[in-house]
1. Yes or no: the stretch 171-182 includes at least one residue that is assigned to a loop (DSSP other than H, G, I, E, B) and either basic (Lys, Arg) or modelled with pLDDT under 90 (or both).
2. From SER195, SER254, grab the single residue that is touching a residue at least 12 places away in the same chain (Cβ under 8 Å) and small (Gly, Ala, Ser).
3. Can you name the residue in the stretch 299-335 that is assigned to a loop (DSSP other than H, G, I, E, B) and open to solvent by 80 Å² or more (accessible area, probe 1.4 Å) and, of all such residues, is farthest from ARG179 (Cα to Cα)?
4. Starting from residues that are of a type in the set (D, E, K, R) and crowded, with 17+ Cβ neighbours inside 10 Å, keep the ones in the stretch 104-124 and report whichever is nearest to the chain's Cα centre (by Cα).
5. Output the residue which, of all residues in the stretch 53-103 that are among the aromatic types (Phe, Trp, Tyr) and at pLDDT 75 or above, is nearest to the chain's Cα centre (by Cα).
6. Do we have GLY289 as modelled with pLDDT under 95 and under 25 Å from HIS333 (Cα atoms) here?
7. Residues being touching a residue at least 40 places away in the same chain (Cβ under 8 Å) and within 20 Å of GLU138 (Cα to Cα): count how many of those fall in the stretch 306-334.
8. So which residues in the stretch 272-293 are without any contact (Cβ under 8 Å) to a residue 40 or more places away in the chain and either in contact with a Leu (Cβ under 6 Å, 6 or more places away or on another chain) or open to solvent by 30 Å² or more (accessible area, probe 1.4 Å) (or both), if there are any at all?
Amino acid sequence: MQDIWHFPRTELTKKLTNAIRYNIIHSFTLFAPRRIGKTYFLNYDLKPALDELGYKTIYFSFADQIGNHLQQFKNSLASNIDRTIFAKLKVKEISFPWCKVVISQNTPFADLSILELLSILAHEAEKRSSQIVLMLDEIQELIYVDNAEGFVGELRTALDLNKNYVKVIFTGSSRYGLRKMFSDNKAPFFHFGTSLKMEPFGREFTDFLAKTYHSITGKHIDEEQFYQIFSKLNFVTLSIREFLSFYMMCQDISLEDAYKGFEAEIFDKNGYVSYWNSLIQAEKILLLGLVNNFQNFYSEKFYDFVFHNYHIEITQGRVQNALNKLLKQGDIHENDNGEYEIEDLFMKRWLESRKDEPGIV
């Protein structure tokens, strides 16, 4: 079913499909902050384009899994193996330089290793004169899975050995997680493929939404004002769509008043009070430092600010531990300029409105 609100990322789709089609690169890492539309792009733009070109696309999200990520991923690969092609070719065994797999009508593919599964899929693609494109969404979630090192190492080996027929697109929304997976010297996918950043939409997107809104309701939206609300929402794709849904349910209300109501509803729905109460003192102080425009948490100026405003003496060790924890949890991130930012825009707005309240720490 077609989504009438879908605004295609035509240029990015063309860029990636051409790179895959002409074997320019066998692996990509696509970064975008949460809710910008990575998953939507993979499934509504890139997958249909690749399917049309004859590629076999396999999408798997590590963010959606509960329990055994390894087995669930293997189940996904196994479900995409076409047994009929081996039956037609009367193939009973496939030998690779690195492994041998016995094929029968009852072969339990999900019990095979990742290397064996990807090798079979590559062999199938070769027989069809095609290629496989793996779309591995939110790959950074693996750094939070216990004992995942062997799984990640086997995945890299399998992708390396089968790169002629298996292309891969990794996506992630955590700069910290992707750095641990791809950039650090000891990262399992160090120097594996090319990194790309998915840029947020601009004015053309909100103009499109406004026109679609008009075609449905017969009502006009001030396009400049609507774009400014998109800017307030930090250009987050899903947030502006949620706001538009909220606005459509309002009766004869201005965009500005609707935004105030929308923000208040988000504050309440997201449970920021409970989140704040779950943080330790040092974590609260760092977040308060960010909304007060501090970046150097080891400076005397910051320590003086903390003592003067909250009557707390904080040590460098406590700052370091709190900073590492907030980064690892994804509560904050480093932007492209190396500055720390609070990940959740509405959490930041909530804290800005309460930063001077007595007892906030």
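The values are calculated or read from the model by the stated rules, or taken from the named source; none is laboratory data. In this text, all values refer to a predicted model and were calculated from it rather than measured experimentally. Because the Cβ atoms are built from the backbone with ideal geometry, glycine has one as well, and the counts that use them run over all protein chains shown. With ligands, DNA and RNA removed, areas are computed over all heavy atoms of the protein, side chains included. Shrake-Rupley method; radii C 1.70, N 1.55, O 1.52, S 1.80 Å.
1. Scanning the stretch 171-182 turns up at least one residue that is assigned to a loop (DSSP other than H, G, I, E, B) and either basic (Lys, Arg) or modelled with pLDDT under 90 (or both).
2. SER195
3. In this case the residue turns out to be HIS311.
4. GLU116
5. Result: PHE62.
6. No.
7. 9
8. Across the stretch 272-293, the qualifying residues are VAL273, SER274, ASN277, SER278, ASN293.
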